[in-house]
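This report refers to the structure that appears directly beneath it.
The values are calculated or read from the model by the stated rules, or taken from the named source; none is laboratory data. This structure is a prediction, so every number in the text was calculated from the model and none was measured. Here the Cβ positions follow ideal geometry from the backbone for every residue, glycine too, while neighbour counts run over all protein chains shown. Side chains are part of the model used for accessible areas, which takes the heavy atoms of the whole protein and leaves out ligands, DNA and RNA. Shrake-Rupley method; radii C 1.70, N 1.55, O 1.52, S 1.80 Å.
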Amino acid sequence: MTANDEPRVLARTGDGVGHLTLNRPRAINALDLGMIRDLADALNRWQDDTEVDLVLLDGAGERGLCAGGDVRGLAEQIRGGRPEATAEFFRAEYALNARISEYRKPIVALADGVTMGGGIGLAGHATIRIVTERSQLAMPETRIGFTPDVGGTWLLAHAPGRLGEYLALTGAVIGGADAVYVGLADHVVPSDRLASLADALRTRADPATPTELVLLFDETPEQAPLERARSWIDDAFAADTVPDIIARLREHGDAAAADAASTLEELSPTGLAVTLEAVRRARTLPDLRAVLAQEYGLVMWFAATQPDLVEGIRAQLIDKDRTPRWQPATFADLDPATVDQAFGFVPDQPLWADD
């Protein structure tokens, strides 16, 4: 940060509220390592501060809470042969995700606008998760030949039916009603009432709890579009493999199912196969920390061994030609042992060593 720059995380207290604002609006508040550390430091300071009763998390600007992590930086680390830097970033980020989930004081997250990837890791594990009519939520990692992380597979594994597999594999963007339906959010509050909600959280004379206060601003969402789509989603995404899922989607005849099939056919076979298994294994794990440990091993495996990750970042975010050259390019060419290799990978640096 230079002398003329504002901090990338604004942390201030008053009226019993610790207020954290992600402050990179031109990048839709995408997270870098410094921001992650600043967020963690503030939570550590406020944990035993008797002047702070709850924490409010939001993002600067009009575009969203957080568009995700700094994947361009990730690509540079991989190309530069710096696995220790990659491990440092993810260890800090996952420790923050767990910290938010386990925090002893209520954390109220305002997931207004774009909230994706690393943004889900912040908002999705908060005590009270608020979305608006402008919210756009997604775990889009498969679009770059990667796999959902930041505890995303834990959240998606507990979505109704097979919506977790659908959202993890396709990276589909959903609105506020869907976010509540699948369990990524708790309340829909109109965006023009967020400032009033923040004021109420500070004054909060009556009712007493943050949840009761939020309910005063909550608007019952319309029926979630994903609820109406459950018939074809649950049937297709219950299949054993991604090729089987695609075949079932093609059989349905529904336009949305066909679109989902086309999306999957464009994505990395490696990323999709690992992601499908990750969501299903997450359902069997006991808690968020166990899932984060699983995700950490997968992320480091991708970074250490898989060209698709750097290629996906190049195609989607750097050159933006949208024509990634996956290796392998088809499921027919995918080694059957690949998924087991991914889940058997042991990173050099364990996730929780310094936590």
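Can you name every residue in the stretch 239-259 that is open to solvent by 10 Å² or more (accessible area, probe 1.4 Å), closer than 16 Å to Glu165 by Cβ and of a type outside the set (D, E, K, R)?
Thr241, Pro243, Ile246, Ala247, His252, Ala256
Note down all Cβ pairs under 8 Å where the first residue falls in the stretch 5-16 and is open to solvent by 60 Å² or more (accessible area, probe 1.4 Å), the second is assigned to a strand (DSSP E or B) and of a type outside the set (D, E, K, R), and they're at least six residues apart or on different chains.
Qualifying pairs under 8 Å: Arg8/Leu22; Arg12/Gly18; Arg12/His19; Thr13/His19.
Looking only at the stretch 325-347, how many residues end up being of a type outside the set (Asp, Glu) and either closer than 25 Å to Ala87 by Cα or at pLDDT below 95 (or both)?
Matching residues across the stretch 325-347 total 13.
Restricting to the stretch 315-338, and then to whatever is open to solvent by 30 Å² or more (accessible area, probe 1.4 Å) and in a helix (DSSP H, G or I), can you tell me which residue is farthest from Leu272 (Cα to Cα)?
The extreme case among them is Ile318.
Go through Pro286, Pro350 for me and flag whichever is modelled with pLDDT under 95, closer than 27 Å to Leu155 by Cα, open to solvent by 30 Å² or more (accessible area, probe 1.4 Å) and not basic (Lys, Arg).
Pro350
What number of residues within the stretch 175-220 satisfy the criterion of being among the small types (Gly, Ala, Ser) and not in a loop (DSSP other than H, G, I, E, B)?
So the count comes out to 8.
Under the condition of being in a helix (DSSP H, G or I) and β-branched (Val, Ile, Thr), which residue from the stretch 118-156 is surrounded by the most Cβ atoms within 10 Å (Cβ to Cβ)?
The qualifying residue surrounded by the most Cβ atoms within 10 Å (Cβ to Cβ) is Ile120.
Could you list, in sequence order, the residues of the stretch 102-117 that are touching a Ser or Thr at 6+ places or on another chain (Cβ under 9 Å) and open to solvent by 10 Å² or more (accessible area, probe 1.4 Å)?
Tyr103, Lys105, Pro106, Leu110, Asp112, Val114, listed by residue number.
Under 7 Å by Cβ, and 6 or more places apart or on different chains, what pairs join a residue from the stretch 183-201 that is closer than 15 Å to Leu215 by Cβ with one that is of a type outside the set (A, V, I, L, M, F, W, C) and at pLDDT below 95?
Close Cβ pairs satisfying both conditions: His187/Asp218; Val188/Asp218; Val188/Glu219; Val188/Pro221; Val189/Asp218; Val189/Glu219; Pro190/Glu219; Leu201/Pro210.
Let me confirm something: among Ala303, Ala293, which residue is among the aliphatic types (A, V, I, L, M), surrounded by fewer than 20 Cβ atoms within 10 Å (Cβ to Cβ) and farther than 24 Å from Ala239 by Cα?
Criteria check complete, one pass: Ala293.
If Ile100 passes every condition in (1) assigned to a helix (DSSP H, G or I); (2) more than 18 Å from the chain's Cα centre (by Cα) but one, which one does it miss?
(2)
List every residue pair whose Cβ atoms lie under 6 Å apart, where the two residues are 6 or more positions apart in sequence or sit on different chains, the first residue falls within the stretch 252-268 and is over 17 Å from Ala315 (Cβ atoms), and the second residue, located anywhere, is part of a helix (DSSP H, G or I) and not basic (Lys, Arg).
Within 6 Å, the pairs are His252/Trp232; Asp254/Trp232; Ala257/Trp232; Ala257/Leu249; Ala260/Thr170; Ala260/Leu249; Ala261/Ile246; Ala261/Leu249.
Out of curiosity, is Ala239 without any contact (Cβ under 8 Å) to a residue 12 or more places away in the chain and in a loop (DSSP other than H, G, I, E, B)?
Here the answer is yes, as Ala239 does meet what is asked.
With the requirement that a residue be over 15 Å from the mean Cα position of the chain (by Cα) and either buried (at least 24 other Cβ atoms within 10 Å of the Cβ) or not hydroxyl-bearing (Ser, Thr, Tyr) (or both), what does the stretch 181-193 give you?
Within the stretch 181-193, Asp186, His187, Val188, Val189, Pro190, Asp192, Arg193 meet the criteria.
In the stretch 18-36, what count of residues is obtained for those that are touching a helix residue (DSSP H, G or I) at 6+ places or on another chain (Cβ under 6 Å) and either surrounded by fewer than 22 Cβ atoms within 10 Å (Cβ to Cβ) or more than 22 Å from Leu197 (Cβ to Cβ) (or both)?
3
Out of (1) surrounded by fewer than 22 Cβ atoms within 10 Å (Cβ to Cβ); (2) among the acidic types (Asp, Glu); (3) touching a Phe, Trp or Tyr at 6+ places or on another chain (Cβ under 7 Å), what's the single condition that is false for Glu165?
(1)
If I go through the stretch 69-90 residue by residue, how many of them are free of Cβ contacts under 8 Å to residues at least 24 places away in the same chain and either among the basic types (Lys, Arg) or under 21 Å from Gly152 (Cα atoms) (or both)?
Selection size over the stretch 69-90: 1.
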